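Visitor: Can you read through this structure? Questions will come right after.
The values are calculated or read from the model by the stated rules, or taken from the named source; none is laboratory data. Every value quoted in this text rests on a predicted model; they were computed, and no experiment measured them. Heads up, the Cβs are rebuilt from the backbone with ideal geometry, glycines too, and the neighbour counts pull from every protein chain shown. Ligands, DNA and RNA are stripped out before the accessible areas are found, and what is left, the full protein with its side chains, is counted by its heavy atoms. Shrake-Rupley method; radii C 1.70, N 1.55, O 1.52, S 1.80 Å.
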Amino acid sequence: MVSKDESNHVLHPNFPELNPYEQHFRLAGDDKTMEEFWGEHAKLIDWTKFPKTILDKNEPPFFKWFPDGEFNTCYNCLDRHAATNGDRLALIYESPITKTTKQYTFNELKQQTAKFAGALANHGVTKGDRVIIYMPMIPESIIATLACARLGAIHSIVFGGFAAKELASRIKDADPKIVVSATCGIEPHKIVNYKTMLDEALKIAEKTSIKKIIVKREQLKVDFIEGEDFDFHEELEKGKEVDPVPVLGSDPLYILYTSGTTGVPKGIVRENGGNAVALMYSMKYIFGLKPGDIYFSTSDIGWVVGHSYIIYGPLLNGTTTILFEGKPTGTPDSGILWRIAEKWKVRGMYSSPTAMRAVRREDPEGKHIQAADLSNLVSFSMAGERVDIPTSHWLIKSLPKTCLVNDNYWQTETGWSIGTNFVNLHTFPVKPGSTTKPAPGMRVAILGEDCHQLPPKTLGNICIKLPMPPSFMPTLYRNDKAFVDRYLREAPCYYFTGDAGFVDEEGYLHVTTRVDDIINTAGHRLSTSQMEEVLTGHKDIVEAAVLSAKDELKGEVPVGFVVMKAGANRDKKELIKELIMKIREDIGPVASFNYCMVVDKLPKTRSGKILRNVLRAIVDGEQPKIPPTIEDDSVIEPIKAEALKCGLGKKANIEYEEATHSAIPEEH
């Protein structure tokens with residue numbers, strides 16, 4: 001049997017020589033003890049019926065955690081804390097863009113959520129129905145999300161920066177009962193009309209009969225369509241408080257869509273039980289947070305970090321969460337995040353490498369950080385992409401010495417960290433360029449192309465042994481086949497992350513690149529093949545290649561190469577403007593597609609495969625390695641010349657260092 005030490009760590013008497021992390025990792029990773037381990041941590045949740053089955057392994061590779069347990073996620077986020085600490089702050093809304101601050105206690109947030117759940121019920125929403133949430137970073141977005149969970153409905157939050165076509169694809173797949181939105185989002189220098197994009201998306205999806213509940217914002221007044229559009233606050237007032245609806249641990253809590261390599265969005269499903277248990281574990285051990293602490297994630301609720309560490313993680317833990325409507329720079333300056341952290345005595349922060357590069361660019365000496373009193377801050381975590389080493393060093397130098405700078409590695413698919421350091425388990429020395437150690441339950445293996453395990457410091461595919469720990473997606477929404485084909489077929493008995501990296505001699509995990517065509521722009525995963533489809537959809541384009549280029553601020557940005565159809569007599573500058581606008585319209589400004597070149601031919605092998613590595617080297621200012629299989633090497637110099645005209649093809653500005661502090665290992 002397991003036991004607990006004075007720090008409330010789950011320990012095992014057979015491993016007294018191991019530190020708490022090593023004990024947790026062994027218990028969570030051993031097939032004989034993993035269910036006992038996670039069953040113990042399931043006690044962090046209030047269940048109406050505690051699960052008898054911890055892990056259902058009857059239909060591999062479709063595993064289910066806590067399938068026969070019954071509880072409600074919203075109850076665990078709000079009601080249980082309101083019952084004992086109702087006057088404690090649950091939500092702080094900080095909007096430097098609108099110069100607004102609001103606060104909600106657990107009692108207030110519970111009441112608002114229960115009433116809006118009643119409003120949704122008035123419109124026919126019941127357990128298992130889907131609700132699309134397409135909203136800016138305002139308190140109503142949190143209320144709407146938790147109201148869905150209260151009813152047992154399945155929410156799908158769509159990032160407000162997505163264009164109508166992308167929104168339409170998610171509406172079409174989820175088939176929602178209702179959409180909750182707002183009239184607009186607010187950027188530093190513009191107003192984004194959500195209502196227009198939503199109406200257009202519903203037309204594209206051929207779902208114009210779906211009703212919309214919309215927050216009216218004073219910054220943009222729009223006309224409502226009677227019988228179709230409903231005022232959020234009017235509906236809230238009509239709603240009667242609804243009690244939490246019990247759901248099974250294996251029932252879906254949400255669907256979160258992410259870009260697919262075919263251009264079709266993947267609906268990643270998150271179960272109620274696994275999500276709650278894994279996030280409670282992470283709040284306690286990774287971040288070292290207690291009820292009453294203040295947590296500040298600068299992410300957006302449209303991304304998985306926002307789901308896990310703005311909404312569910314903090315509130316499940318009884319921790320106050322900060323909802324931030326602003327930018328890390330320009331609202332009004334690069335000190336805004338640190339001033340908010342000082343104001344609320346924040347104990348933990350979560351951000352992205354892109355945000356920190358933007359702040360570092362404006363504040364290279366870290367003067368804003370040092371001017372703020374951050375003595376309460378014990379951890380500063382980042383995820384979404386690899387943290388470049390200079391930014392990591394800048395944070396370590398600027399933040400208090402008592403603050404752990406934690407480079408997290410995880411994915412929408414996992415819901416919480418694959419690789420991380422720990423505040424309240426065992427804190428390892430930080431190695432910039434590494435995500436430290438695999439989290440308990442994440443049995444990471446570096447595999448070669450033939451699926452054999454590779455030795456330390458050898459680059460390979462990052463895979464994780466099945467079954468995965470709680471919170472991992474059980475499947476893709478309505479697409480079991482794609483789930484198996486995309487994630488499980490490449491390496492049988494493993495989850496194939498699609499990322500490449502290595503483990504060093506001390507067991508530290510290093511993530512170096514991706515092995516598919518998804519690129520990471522400011523933490524947003526975007527499909528290059530989807531962009532290529534958009535470009536080749538133009539009447540004058542016959543062929544296109546999109547790849548990633550290194551960018552000082554966003555990590556990576558897409559760069560397009562297109563070939564015009566024979567006989568298309570077009571001005572290149574005008575054509576490029578049209579193509580850039582087409583990407584913005586079909587995918588959205590989030591794609592950051594600003595570089596496009598018209599070339600006569602693309603470099604290809606004799607078999608017709610586009611040599612993307614050659615193109616990538618050119619735009620990054622590196623000497624391309626021309627393979628002997630190239631069909632026509634005379635195309636290289638004209639492409640180099642076009643890249644230079646665009647301001648590309650020079651040595652990349654970002655200060656990347658080798659993750660191994662020497663040379664990245666040879667790829668197998």
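Visitor: List the number of the failed condition for Glu505; all other conditions in (1) touching a strand residue (DSSP E or B) at 6+ places or on another chain (Cβ under 7 Å); (2) farther than 30 Å from Ile580 by Cβ; (3) of a type in the set (Asp, Glu); (4) without any contact (Cβ under 8 Å) to a residue 60 or more places away in the chain hold.
Guide: (1)
Visitor: For residues that are within 27 Å of the chain's Cα centre (by Cα) and charged (D, E, K, R), tally how many sit in segment 237-254.
Guide: The qualifying residues number 1.
Visitor: Against the definition (touching a Phe, Trp or Tyr at 6+ places or on another chain (Cβ under 6 Å) and open to solvent by less than 10 Å² (accessible area, probe 1.4 Å)), how does Met349 come out, yes or no? Outline the logic, then answer.
Guide: Working: touching a Phe, Trp or Tyr at 6+ places or on another chain (Cβ under 6 Å): yes; open to solvent by less than 10 Å² (accessible area, probe 1.4 Å): yes.
Criteria met by Met349.
Visitor: Working only within segment 529-574, note down all residues that are surrounded by 17 or more Cβ atoms within 10 Å (Cβ to Cβ) and over 30 Å from Val387 (Cα atoms).
Guide: Those that are surrounded by 17 or more Cβ atoms within 10 Å (Cβ to Cβ) and over 30 Å from Val387 (Cα atoms): Val534, Leu535, His538, Ile541, Glu543, Ala544, Val562, Val563, Met564.
Visitor: Scanning for something within 30 Å of Leu27 (Cα to Cα), in contact (Cβ under 8 Å) with a residue 40 or more places away in the chain and open to solvent by 10 Å² or more (accessible area, probe 1.4 Å), does segment 335-345 turn up at least one residue? Full working, then the answer.
Guide: Start the filter on segment 335-345 by keeping residues that are within 30 Å of Leu27 (Cα to Cα), which leaves none.
No.
Visitor: For residues in segment 586-600 being modelled with pLDDT under 90 and not polar (S, T, N, Q), which is surrounded by the most Cβ atoms within 10 Å (Cβ to Cβ)?
Guide: Looking at residues that are modelled with pLDDT under 90 and not polar (S, T, N, Q), I get Ala591.
Visitor: Okay, moving on. For segment 614-634, how many residues meet the condition of being over 19 Å from Ser548 (Cβ atoms) and open to solvent by less than 20 Å² (accessible area, probe 1.4 Å)? So that I can check it myself, show each step before the final result.
Guide: Initial filter on segment 614-634 (over 19 Å from Ser548 (Cβ atoms)): 626-634.
Checking which are open to solvent by less than 20 Å² (accessible area, probe 1.4 Å) leaves us with 630.
Counting residues in segment 614-634 that are over 19 Å from Ser548 (Cβ atoms) and open to solvent by less than 20 Å² (accessible area, probe 1.4 Å) gives 1.
Visitor: Ok, one more. Let me confirm something: among Tyr285, Tyr295, Tyr257, which residue is crowded, with 24+ Cβ neighbours inside 10 Å and more than 18 Å from the chain's Cα centre (by Cα)? Walk me through how you get there before you give the answer.
Guide: Working: Tyr295 fails: more than 18 Å from the chain's Cα centre (by Cα); Tyr257 fails: more than 18 Å from the chain's Cα centre (by Cα).
The conditions single out Tyr285.
Visitor: Considering each residue of segment 352-380, count those that are within 12 Å of Ser297 (Cβ to Cβ), touching a residue at least 40 places away in the same chain (Cβ under 8 Å) and open to solvent by less than 10 Å² (accessible area, probe 1.4 Å), and give that number.
Guide: So in segment 352-380, the residues within 12 Å of Ser297 (Cβ to Cβ) come out as 352, 355, 379-380.
From what is left, the residues that are touching a residue at least 40 places away in the same chain (Cβ under 8 Å) are 352, 355, 379.
Next, from what is left, pick out any that are open to solvent by less than 10 Å² (accessible area, probe 1.4 Å): 379.
So the count comes out to 1.
Visitor: Now a separate question. Just checking, which of Glu637, Glu642 is of a type in the set (Asp, Glu), crowded, with 17+ Cβ neighbours inside 10 Å, at pLDDT 85 or above and out of contact with any Lys or Arg (no Cβ under 8 Å at 6 or more places or on another chain)?
Guide: On the way: Glu637 fails: crowded, with 17+ Cβ neighbours inside 10 Å.
Of Glu637, Glu642, the one residue that is of a type in the set (Asp, Glu), crowded, with 17+ Cβ neighbours inside 10 Å, at pLDDT 85 or above and out of contact with any Lys or Arg (no Cβ under 8 Å at 6 or more places or on another chain) is Glu642.
Visitor: So, in segment 378-421, of the ones that are in contact with a Leu (Cβ under 7 Å, 6 or more places away or on another chain) and assigned to a loop (DSSP other than H, G, I, E, B), which residue ends up modelled with the lowest pLDDT?
Guide: Thr412
Visitor: Keeping to segment 84-109, report how many residues are in a strand (DSSP E or B) and open to solvent by 60 Å² or more (accessible area, probe 1.4 Å).
Guide: Filtering segment 84-109 down to residues in a strand (DSSP E or B) leaves 89-95, 100-105.
After this cut, where a residue has to be open to solvent by 60 Å² or more (accessible area, probe 1.4 Å) as well, the list is 101-103.
Count: 3.
Visitor: Something else about it: Just for segment 177-191: of the residues that are open to solvent by 10 Å² or more (accessible area, probe 1.4 Å) and in a loop (DSSP other than H, G, I, E, B), which one is modelled with the highest pLDDT?
Guide: Looking at the filtered set, the residue picked out is Lys177.
Visitor: State all residues of segment 157-176 that are open to solvent by 20 Å² or more (accessible area, probe 1.4 Å), in a helix (DSSP H, G or I) and of a type in the set (Gly, Ala, Ser); if no residue qualifies, say none.
Guide: Going through segment 157-176, the residues open to solvent by 20 Å² or more (accessible area, probe 1.4 Å) turn out to be 159, 161, 165, 169, 172-173, 175.
Restricting the remaining residues to those that are in a helix (DSSP H, G or I) gives 165, 169, 172-173.
Correct list: Ser169 only.
Visitor: Here is a further query. Can you tell me which residue is surrounded by the most Cβ atoms within 10 Å (Cβ to Cβ) among those in segment 384-412 that are aliphatic (A, V, I, L, M), in contact with a Phe, Trp or Tyr (Cβ under 8 Å, 6 or more places away or on another chain) and without any contact (Cβ under 8 Å) to a residue 40 or more places away in the chain?
Guide: We begin by selecting, within segment 384-412, every residue aliphatic (A, V, I, L, M); these are 387, 389, 395-396, 399, 404-405.
Now drop any that are not in contact with a Phe, Trp or Tyr (Cβ under 8 Å, 6 or more places away or on another chain), which leaves 389, 395, 399, 404-405.
Imposing the further condition that a residue be without any contact (Cβ under 8 Å) to a residue 40 or more places away in the chain reduces the set to 395, 399, 404-405.
Details: Leu395: 24, Leu399: 21, Leu404: 22, Val405: 22.
If we take residues in segment 384-412 being aliphatic (A, V, I, L, M), in contact with a Phe, Trp or Tyr (Cβ under 8 Å, 6 or more places away or on another chain) and without any contact (Cβ under 8 Å) to a residue 40 or more places away in the chain, then Leu395 is surrounded by the most Cβ atoms within 10 Å (Cβ to Cβ).
Visitor: Looking only at segment 2-30, count how many residues are surrounded by fewer than 11 Cβ atoms within 10 Å (Cβ to Cβ) and modelled with pLDDT of 60 or more.
Guide: Here the count works out to 2.
Visitor: Same structure, new question: Any residue that is touching an Asp or Glu at 6+ places or on another chain (Cβ under 6 Å), at pLDDT below 95 and not β-branched (Val, Ile, Thr) - is there at least one of those in segment 425-443? Give the steps one after another, and end with the answer.
Guide: Quick first cut of segment 425-443, residues touching an Asp or Glu at 6+ places or on another chain (Cβ under 6 Å) only: 435.
Keeping just the survivors that are at pLDDT below 95 gives none.
Looking through segment 425-443, none of the residues is touching an Asp or Glu at 6+ places or on another chain (Cβ under 6 Å), at pLDDT below 95 and not β-branched (Val, Ile, Thr).
Visitor: Filter segment 489-515 down to residues that are at pLDDT 95 or above, open to solvent by less than 20 Å² (accessible area, probe 1.4 Å) and more than 21 Å from the chain's Cα centre (by Cα) and give me whichever is nearest to Lys437 (Cα to Cα).
Guide: Per the criteria, the residue is Tyr508.
Visitor: Shifting gears a bit: Tell me, which residue of segment 445-474 that is in a loop (DSSP other than H, G, I, E, B) and crowded, with 19+ Cβ neighbours inside 10 Å is farthest from the chain's Cα centre (by Cα)?
Guide: At the first step, the residues of segment 445-474 found to be in a loop (DSSP other than H, G, I, E, B) are 448-452, 454-458, 466-474.
Filter once more, so that each one left must be crowded, with 19+ Cβ neighbours inside 10 Å: 467-474.
Details: Pro467: 22, Met468: 18, Pro469: 18, Pro470: 17, Ser471: 14, Phe472: 13, Met473: 14, Pro474: 17 Å.
Filtering first and then ranking leaves Pro467.
Visitor: Across segment 313-372, which residue is modelled with the lowest pLDDT among those that are within 17 Å of the chain's Cα centre (by Cα) and of a type in the set (Ser, Thr, Tyr)?
Guide: Taking the candidates together, the pick is Thr354.
Visitor: Exactly one condition in (1) under 20 Å from Lys165 (Cα atoms); (2) surrounded by 15 or more Cβ atoms within 10 Å (Cβ to Cβ) is not met by Lys577; state its number.
Guide: Answer for Lys577: the failing condition is (2).
Visitor: For segment 116-143: of the residues being under 19 Å from Asp173 (Cβ atoms) and not hydrophobic (A, V, I, L, M, F, W, C), which is most open to solvent (accessible area, probe 1.4 Å)?
Guide: The extreme case among them is Arg130.
Visitor: Quick one: in segment 475-503, which of the residues that are charged (D, E, K, R) and part of a loop (DSSP other than H, G, I, E, B) is nearest to Val305 (Cα to Cα)? Spell out the reasoning first.
Guide: Taking segment 475-503 first, the residues charged (D, E, K, R) are 478, 480-481, 485-486, 489-490, 499.
Narrowing the set further to residues that are part of a loop (DSSP other than H, G, I, E, B) leaves 478, 489-490.
Details: Arg478: 24, Arg489: 27, Glu490: 27 Å.
This residue is Arg478.
Visitor: Hey, another quick one. Which of the residues belonging to segment 413-444 are of a type in the set (A, V, I, L, M), more than 19 Å from the chain's Cα centre (by Cα) and closer than 24 Å to Ile389 by Cα?
Guide: Kept after step one, since they are of a type in the set (A, V, I, L, M), are these residues of segment 413-444: 418, 423, 425, 430, 439, 442, 444.
Still in the running and more than 19 Å from the chain's Cα centre (by Cα): 423, 425, 430, 444.
Across segment 413-444, the qualifying residues are Val423, Val430, Val444.
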